[in-house]
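This report refers to the structure that appears directly beneath it.
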Amino acid sequence: MSKWGMNTLSLYVQRNGEVISADSRSLISKRYCTVTSAMNREFWNITSDRQNSIYVGSYGRGTAIDTSDIDILMSLSESYYNQFNSVYGNGQSRLLQAVRQAILVPYPRSEVRADGQVVKINFSDGMFFEILPAFKNWDGSYRYPDTNMGGNWRSTNPKAEQDAMKNKNISSNGLLFDTCKHLRYVRDNYFRSYHLSGIVIDSFVYQAIGNWRWLSSGESSTSAAGTYERILLDCYNQHFMWGAMPLSAPGSNQQVSTDNSRDCLGKVLRYIAD
């Protein structure tokens with residue numbers, strides 16, 4: 001393999017579990033519409049099942065696999081920010097409880113609970129949704145609630161991250177998404193007891209991939225199988241093992257904490273490089 005591409009199957013793509021089935025995507029879409037409609041009824045007084053919501057997280061970035069949670073950002077009116085921000089004593093927690101009550105209307109028998117920054121829905125078939133209520137800023141970013149340490153507001157820019165990931169995936173002929181999905185597959189099947197967040201995986205691969213790409217039809221490479229995987233591991237060992245280089249989210253450039261994920265990331269990278 002040259003540093004410009006790879007044409008071996010050492011990084012196995014489309015393994016069972018790395019591609020979400022059409023049936024699962026259809027069910028995700030149905031539940032997405034149900035959640036959006038319930039939220040719009042409660043917070044916008046409209047019945048739309050599409051307005052004011054977007055997929056975020058790994059599903060929104062295009063790197064989810066069949067074990068991934070489905071994250072939805074629900075944009076709310078600024079009036080609700082003013083209302084809950086002015087509440088004495090963790091208005092962020094009260095906002096999440098209001099979101100929880102709205103979601104319980106269509107899903108009264110599901111486990112629905114507020115957890116830190118999101119409301120989680122645990123469906124009986126094992127699918128998980130996480131709902132993030134947020135308020136849009138002038139620059140396209142969003143403020144969202146964090147109930148920890150008495151309550152505060154944090155910032156995210158999912159559209160910038162999605163655009164950056166999409167563009168890098170195109171220039172790498174799909175290698176970016178394939179790598180991110182494969183690391184998730186290894187994490188979920190061999191290192192389940194460890195923590196490794198999806199944004200750490202995506203941000204690391206985005207930075208480490210450089211100019212590597214899947215070779216197009218008719219192109220060839222003379223490098224040995226496994227070179228790309230060792231390049232990823234070397235990048236981790238040199239720059240990220242001890243946190244020497246900060247990790248930034250693609251597009252938004254927001255700093256990504258690796259404190260709880262660094263150990264598992266190394267285990268996953270060493271596994272695929274063996």
message: Suppose the filter is under 20 Å from ILE46 (Cβ atoms) and in contact with an Asp or Glu (Cβ under 9 Å, 6 or more places away or on another chain); does VAL118 pass it?
response: no
message: Given the criteria open to solvent by 30 Å² or more (accessible area, probe 1.4 Å), among the hydrophobic types (A, V, I, L, M, F, W, C), within 27 Å of LEU176 (Cβ to Cβ) and in contact with a helix residue (DSSP H, G or I) (Cβ under 7 Å, 6 or more places away or on another chain), does ILE54 qualify?
response: yes
Check on VAL105, within 21 Å of the chain's Cα centre (by Cα), over 25 Å from ASN169 (Cβ atoms) and modelled with pLDDT of 95 or more: no
Criterion: buried (at least 20 other Cβ atoms within 10 Å of the Cβ), of a type outside the set (Asp, Glu) and under 22 Å from ARG31 (Cα atoms) - qualifying residue of VAL105, VAL99: VAL99
field: Residues of segment 215-274 that turn out to be β-branched (Val, Ile, Thr), crowded, with 17+ Cβ neighbours inside 10 Å and outside any helix (DSSP H, G or I), as a count
entry: 2
task: For segment 46-138, please list each of the strands (runs of 3 or more DSSP E) lying entirely inside it that holds at least 1 residues being within 27 Å of ALA22 (Cα to Cα) and of a type in the set (D, E, K, R).
output: 70-75, 111-115, 118-122, 128-136
Checking PHE177 against (1) part of a strand (DSSP E or B); (2) in contact with a helix residue (DSSP H, G or I) (Cβ under 9 Å, 6 or more places away or on another chain); (3) open to solvent by 20 Å² or more (accessible area, probe 1.4 Å), the condition it does not meet: (1)
message: For segment 13-35, check the following and say yes or no: at least one residue is at pLDDT below 95, touching a Phe, Trp or Tyr at 6+ places or on another chain (Cβ under 8 Å) and surrounded by fewer than 17 Cβ atoms within 10 Å (Cβ to Cβ).
response: yes
field: ILE199 hydrophobic (A, V, I, L, M, F, W, C) and open to solvent by 70 Å² or more (accessible area, probe 1.4 Å)
entry: no
message: Regarding segment 245-252, can at least one residue be identified that is farther than 21 Å from THR63 by Cα, under 22 Å from the mean Cα position of the chain (by Cα), of a type in the set (A, V, I, L, M, F, W, C) and modelled with pLDDT under 95?
response: yes
- line: Over segment 139-164, the set of residues among the charged types (D, E, K, R), surrounded by fewer than 20 Cβ atoms within 10 Å (Cβ to Cβ) and either without any contact (Cβ under 8 Å) to a residue 60 or more places away in the chain or outside any strand (DSSP E or B) (or both) is ASP139, ASP146, ARG154, LYS159, ASP163
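The values are calculated or read from the model by the stated rules, or taken from the named source; none is laboratory data. The structure displayed is predicted, hence computed values, not measured ones. Glycine also receives a Cβ, built like all others from the backbone with ideal geometry; neighbour counts cover every protein chain displayed. Protein only, heavy atoms only, side chains kept; ligands, DNA and RNA dropped before computing areas. Shrake-Rupley method; radii C 1.70, N 1.55, O 1.52, S 1.80 Å.
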